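Values quoted throughout were computed directly from the atomic coordinates according to the rules given, and no laboratory measurement underlies them. Because the structure is a prediction, the values reported are computed rather than measured. When we count neighbours, we look across all protein chains shown, and the Cβ atoms used for this are built from the backbone with ideal geometry, even at glycine.
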Amino acid sequence: MSRLDATSRIDRGTDLRFTFDGKDYLGHPGDTLASALLANGVHQVATSIRFGRPRGIMAAGVEDANALVQVEAPFSEPMLTATTIELYDGLVARGLSGQGRLAAEPDPARYDAIHAHCDVLVVGAGPSGLVAALTAARSGARVVLVDDQPEAGGSLLGSAEQLDGVPATTWVSATVAELAASPEVRVLQRTTAFGYYDDGFVLALEKRTDHLGAAAPAGVSRQRVWRIRAKQVVIATGAHERPVIFADNDRPGIMLASAARTYLHRYAVLAGREVVVFTTNDSAYAAATDLADAGAEVTVVDARPEISPYWAAECARRGIAVRPATVVIGTSGNGRVTSAHVVTAVDGSSGPRQGIGCDLLLVSGGWNPAVHLYSQARGTLRYDAKLGAFVPASELLDVRAAGSARGAFTLAACLAEGRLAAQDALTALGIAPGDVPLPGTPEQPEEVPGHVLWSVPDHREDNAPCSSFVDLQRDATVADVLRATGSGMTSVEHVKRYTTIGTAHDQGKTSGVITSGIVADALGVDIASLGTTTFRPPYTSVSFAALAGRDRGQIFDPVRVTAIHPWHVKHGALFENVGQWKRPWYYPQRDASGSFEDLETAVLRECRAAREGVALMDASTLGKINVQGADAGEFLDRLYTNIMSTLKPGFIRYGVMCGMDGMILDDGTVTRVSETEFLLTTTTGNAAKILEWMEEFAQTEWPELRVSLTSVTEHWVTVPLVGPRSREVLASLAPDLDVSNEGFGFMTWRDAEVAGIPARICRISFSGELAYEINVSAWDGLALWETVIEHGTPYGITPYGTEAMHVLRAEKGYPIIGQDTDGTVTPQDLGMSWVVSKKKVDFIGKRSHARAENNRPDRKQLVGLLPVDPTKLLAEGAQLLASADVPEPPVPMLGHVTSSYRSAALNRTFALALVRAGRDRLGETLYAWQDGELLAVTVADSVLYDKEGARRDG
Amino acid sequence: MVDTTTRRSPLAGQAPALAGLPISARELPFLTQLNLRADPDGPAAASIGRALGGTLPVVPSTASRFGEVDVLWLGPDEWLLLAPSGQEEALAATVRRAIGEADGAVTDVSAQRTAVALTGPRVREVLARGCSIDLHPKAAPAGSCVQTLLAQTGVTILVRDETSSDFLLLVRSSFAEYFAAWLIDACAELGE
Amino acid sequence: MLLIPCPWCGPRDETEFHYGGQAHVAYPGNPAALSDEEWARYLFFRDNPKGAFAERWNHSAGCRRWFNAVRDTADNEIRAVYRTGEPRPVTA
């Protein structure tokens, strides 16, 4: 066992049982999986993805590039880092070789999201972040503090630092208590700010119940995405220690120096007994002395010729051997490291290779400030040659870095920077910063500058493949980097993609800057100008489940329904999605044998009812826009291709709108309510788009027109009553209304009570049959529908859905915008020149209609198609060929089928199609290519039923 | 006489589910809602204000209340008049009279949206799950009225009383079922 | 998530807005008088600067007003917003 009796942040009073790679172990609350494994003497946790090399735990936090595990229970989850999994009772995990396995069953956990707003967002609850949050809190500002650890304190949790002469954790506790008691402060632990997305918008992932395992309460979301909008952001995200690359640097037992110190202080785990510390800077000496104090036998290998007198003395006092001007050039071990191979520079040349026995090799190549969020916030970075790292360099208006994240590495500096950043943020907000005295810090020894060392050359003389790993997770080596630069790559972004360095779960937190360094050295350029790869979000892995949140299942996307929807459901309608709407597709009835009709049978029946008896449908989804104002007519004249201003109150006109390019945008009816009021309809899917389009012209191009637009789509329920017997049904519903053709003509409207409900009835038809479109308040919609059916039952009234509606209109050659058109079709292409005014000086699209391209005789035109075999149904989208003799590719295509149905009225199949010069081909035989065969079709007029329009008046 | 007993409001089917929530959520069906358009500086706006007993609110994202009528700012020349049930014709007539020959438009949109009253100390937390607007009492005091998105539907949020957390939401009728489903889901954790 | 300052409603999340392309491209007074090329230029040609760009936006989920914004296409900063009909303000 490697667990010590020393004070730590774990709760020894409680045992947690867990299983790793099939073996059972014990740990404690406060442990991570990594610390618990190390406490149990387990160093090897994974194998590498390409070479199958044993891999261990190299860090104590999110930067670990090695220790990937698959959690198997309580719920399977792949590719988590052992260093970030809080231990819980019943955890079952196993080490991975690079790739995990997604659960086969749905994740039962709940994931959600919430918005938050604050004056100051502080990211990181280490010394800088805590002071920043406290400074902001005392000013009365609204503060959010997020921190990825279970408890605040940051680096103070893993060190033996003192503040005001007592352990720093005492100050942390007092600060946290004050923040918790501040009403306008929200502290979120276990919460990682994973991305900065413009204008102070930060996404953070809170892991709320992960640490509870199977004991997580049901109903509490497991993870929550915080969508934080902050006026000011203080980034106090600390720094990641950087390794130095050397041969065989990937063995279990090779670890970042600060990680070993964290395991010691925070988890009371002594990660090794015989320890070699390889460093290029002073920071690793704290690890060396602390581990020695805990009982380890320590040797320090320092790349620098000059050693800090302070640390030399501290080491001497503990019997720690210090070897200056020495580097690790390799390791040996069977699995875990057993020896560090070192060479000492003597008079400028390398001395002999020596082995130092060890079970733990600690490495420190300096520190990389965690500048990810800062960089995402468009903060520029500057290479600091002293640190060998990139540090924040911008003066941003609303984002500030503080502490180690800004390259400050003494405790006193971190505290002071946290306070200053918060003060600056508050000042920027016009809030007077309160006074926050900083706790006293022990005097710092004078620092000897660190030595920037990216990698130690591989001294081996054999031809073994390079084993100096830059990115351990990707098994990418120094040789891979040099192969990239040798191939002519000069950008780190290219090298990243070529070598895959930095593309694993850790996103290159320990390997990125080193790669820049190696590339710079190889190319002989300055790393400062070479730069780093882009720090893209997310900072740490975020599951898709968390990002999806509650937008799943029933509320994945809004389902829009009409007021009559409950009736449709109750009566077995099958639904079609039209935009976000659910529209009845058809209403299958039970046949004689008791089974339900299929689509074809039901639609033939519904169509027959509309053509021969009476039928009704729910057309409430049509977009409806109320247009009012003295200039409403003029306004509509400019938007529709035909003239609307001449329409008289009481009348209705069909209209088409085109885009500037002359292509059909939408169609619908325009009802003139009064001199100054029109009501127009749009297609279901275009309602919002058309309103916005019209508003754009009203507000920006023609503000002088006195016109206002109001959506009334959902105020009205619209029920077309269709068929030769519709007049009789309406007469029974509205006894006071003159329903005769003379008294209530085609394309007019009347206000009347229908079954006692105030209604507006429009004599329009989308089927060619006699039809009345009844509009009532949506509140009365269901009652209207039920009453119409009641009155229509003696006439065999039949509800019909969108499929029958499509067939009925297609038989009449009425196009559906968006089905028979695709944004490249003019009204003239549809054979609807009659809807395009020749009199108007201008309307939207008119100028484009005059373009030569839009007047070519060989444009695709809407025509009907009759399959020679009247039982064959053409596939919508089928391409049309001129000849059954298919030439060598490219085969000239004449057009395609846009709509295709079986027709009860025609007693055959038919289709609409866009065909090159289609109207000149009436009677020609073309061939539709579908399912590997050519079907002969005859080109016909697009109006296949009742071309003379005899049926519309009943 | 028009029979109103057969009317059905968009959330009629959701009433029991809403009643069971840990916040108070109640549909206020069949409210009178009129969309009003007028030049805020023109004669119609002034006249309408007088007819209603005040001045039409011109500060964006606010609402004023005159007697039983809430006047919600929807845009620089657009308001929503919200009144008790059954006043569509009378209120429209009042406003049309006030407009007279001036430029202005009134549209009955009573069934276009439905109203839901949300009350309780945790309403803000629930709304925050789908709404990006800062509803902190200091940021959104009583009389605030924002048109925004709630989850994936448009919504108008009227803050009736910030201290007692009394909100009125208007949601498009076709989205009402989605809104209810979202609200019920968003409240799921509050009961814990 | 941009925070776009609607000139009426104030700053709102970008999801409340719809984009309307380049601003100040006026509909020609007499389209019929334009040659095909001039019309095509009006119809299809827009600026694509790196830097300040005046654009139309619609606060579609809010007050439904169209307005103009000067956005820096290089860093997405919105340098100014102004109401329809107002001249483009001078921005840095």
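Under Stokes-Einstein, with the Kirkwood radius over Cα pairs as Rh, the value for segment A:477-527 at 10 °C and 1.306 mPa s is 150 µm²/s. Any idea what % of Cα-Cα pairs in segment B:32-108 are farther than 16 Å? Tail of the P(r) past 16 Å holds 39 percent of the pairs. Residues whose amide H comes within less than 5 Å of that of A:Val322, counting only those at least five positions distant or on another chain, are A:Val300 (H built at 1.01 Å from N in the peptide plane).
Counting neighbouring Cβ atoms within 10 Å and putting the fewest first, the residues C:Asp75, A:Asp107, A:Asp738 line up as C:Asp75, A:Asp738, A:Asp107. Projecting the Cα atoms of A:Pro150, A:Phe20, B:Trp79 onto the charge dipole of the protein assembly as shown, computed from C-beta unit charges around the Cα centre, puts B:Trp79 farthest toward the positive end. With the helix formula -39500 (n - 2.57) applied to DSSP H stretches of n ≥ 4, the protein assembly as shown reaches a computed 222 nm mean residue ellipticity of -6000 deg cm²/dmol. Converting phi to 3J(HN,Hα) with the Karplus coefficients 6.51, -1.76 and 1.60 and the offset θ = phi - 60°, segment A:58-63 yields 9, 9, 10, x, 5, 7 Hz in sequence order, with x at every glycine or proline.
Listed from fewest to most Cβ neighbours within 10 Å, the set A:Phe651, A:Phe544, A:Phe766 follows the order A:Phe544, A:Phe651, A:Phe766. Measuring between their Cα centroids, segment A:150-184 and segment A:221-245 lie 18 Å from each other.
Which whole number gives the average count of other chain Cβ atoms within 10 Å of the Cβ atoms across peptide C:81-89? Numbers along the way, then the final one.
Numbers: counts 0, 0, 2, 5, 3, 0, 0, 0, 0.
The shielding value for this peptide is 1.
In a fully extended conformation the segment linking A:Asp21 and A:Arg378 would gain 124.2 nm over its present Cα-Cα distance, using 0.36 nm per residue. Placing unit charges on each Cβ (+1 for Lys and Arg, -1 for Asp and Glu) gives the protein assembly as shown a dipole about its Cα centre, and among A:Val656, A:Phe278, A:Gly140 the Cα reaching farthest toward its positive end belongs to A:Val656. Taking amide H as placed 1.01 Å from N in the peptide plane, the amide H of A:Thr898 sits under 5 Å from that of A:Gly877, A:Leu912, A:Ala913, A:Leu914, each at least 5 places away or on another chain.
Which pairs break 26 Å Cα to Cα here: A:Lys812/A:Lys872; A:Lys689/A:Lys839; A:Lys386/A:Lys509; A:Lys582/A:Lys947? Write out the running numbers ahead of the final one.
Values: A:Lys812/A:Lys872 20 Å; A:Lys689/A:Lys839 28 Å; A:Lys386/A:Lys509 19 Å; A:Lys582/A:Lys947 32 Å.
From the list (A:Lys812/A:Lys872; A:Lys689/A:Lys839; A:Lys386/A:Lys509; A:Lys582/A:Lys947), the Cα-Cα distance tops 26 Å for A:Lys689/A:Lys839; A:Lys582/A:Lys947.
With θ taken as phi - 60° and the Karplus curve 6.51 cos²θ - 1.76 cosθ + 1.60 applied, the whole-hertz 3J(HN,Hα) list for segment A:509-517 is 4, 9, 9, x, 5, 4, 4, 4, x Hz, x standing for glycine and proline. Scaling against 2.2 N^0.38 Å puts the C-alpha radius of gyration of segment C:3-83 at 1.24. Nearest 10 degrees, 0 to 90: what angle lies between the long axis of helix A:599-612 and the longest principal axis of chain A (Cα atoms)? For helix A:599-612, the angle is close to 30 degrees.
At a Förster radius of 41 Å, what calculated FRET efficiency corresponds to the Cβ-Cβ distance of C:Asn48 and A:Glu184, to the nearest 0.05? Present the calculation step by step, with values, prior to reporting the outcome.
Details: r = 45 Å, r/R0 = 1.09.
After rounding, the FRET efficiency stands at 0.40.
Phi angles of segment A:636-645 translate, via the Karplus equation with coefficients 6.51, -1.76, 1.60 and θ = phi - 60°, into HN-Hα couplings of 5, 4, 7, 9, 8, 6, 9, 8, 10, 5 Hz per residue; Gly and Pro are given as x. Once the Cβ-Cβ distance of A:Thr824 and A:Phe596 is raised to the sixth power relative to R0 = 41 Å, the FRET efficiency obtained is 0.55.
With respect to chain A, whose longest principal axis is taken over its alpha-carbon atoms, helix A:802-811 is tilted by about 50°.
Give me the Å³ per residue figure for the convex hull around the C-alpha atoms of the protein assembly as shown. All intermediate terms of the calculation are to be shown ahead of the outcome.
Values: hull volume 263.6 nm³, N = 1238.
Convex hull of Cα atoms, per residue: 213 Å³.
Model label points for A:Glu876 and A:Val525, set 7 angstrom from Cα along the Cα-to-Cβ axis, are 5.4 nm apart.
Could you calculate the contour length gain from A:Thr534 to A:Lys840, that is, 0.36 nm times the residue separation minus the distance between their Cα atoms, to one decimal place in nm? Mind showing how you got there, number by number?
Working: separation 306, 0.36 × 306 = 110.16 nm, distance 5.63 nm.
So the chain would gain 104.5 nm between A:Thr534 and A:Lys840.
Can you give me the angle between helix B:43-52 and the longest principal axis of chain B, using Cα atoms only, in degrees from 0 to 90, rounded to the nearest 10? Roughly 60 degrees between the two axes.
Footprinting exposure proxy ranking of A:Lys231, A:Lys839, fewest other C-beta atoms within 10 angstrom first, gives A:Lys839, A:Lys231.
For the pair segment A:703-744 and segment B:115-148, the centres of their Cα atoms are 40 angstrom apart. For the protein assembly as shown, the Cβ-based charge dipole about the Cα centre amounts to some 480 debye (Lys, Arg positive; Asp, Glu negative; other atoms uncharged).
Restricting attention to chain A, close to 75% of DSSP beta bridges with both partner residues there are antiparallel. Normalise the Debye intensity by I(0) for segment A:594-648, one equal point scatterer per Cα, no solvent, then take log10 at q = 0.21, 0.29 Å⁻¹ and round to two decimals. Rounded to two decimals, the profile gives -0.84, -1.14. Here r is the Cβ-Cβ distance between A:Arg851 and A:Ala177 and R0 is 56 Å; the resulting FRET efficiency, rounded to 0.05, is 0.15.
Taking amide H as placed 1.01 Å from N in the peptide plane, the amide H of A:Thr331 sits under 5 Å from that of A:His341, each at least 5 places away or on another chain. Given their separation in residues at 0.36 nm each and the Cα-Cα distance between them, A:Ala345 and A:His571 gain 72.5 nm when the chain is fully extended.
So for chain A, averaging the separation of alpha carbon pairs under 8 Å that are six or more residues apart and normalising by length, what relative contact order in percent results? The value is 9 percent. Between C:Met1 and A:Glu306, the simple spin-label model (points 7 angstrom out along Cα→Cβ) gives 5.2 nm.
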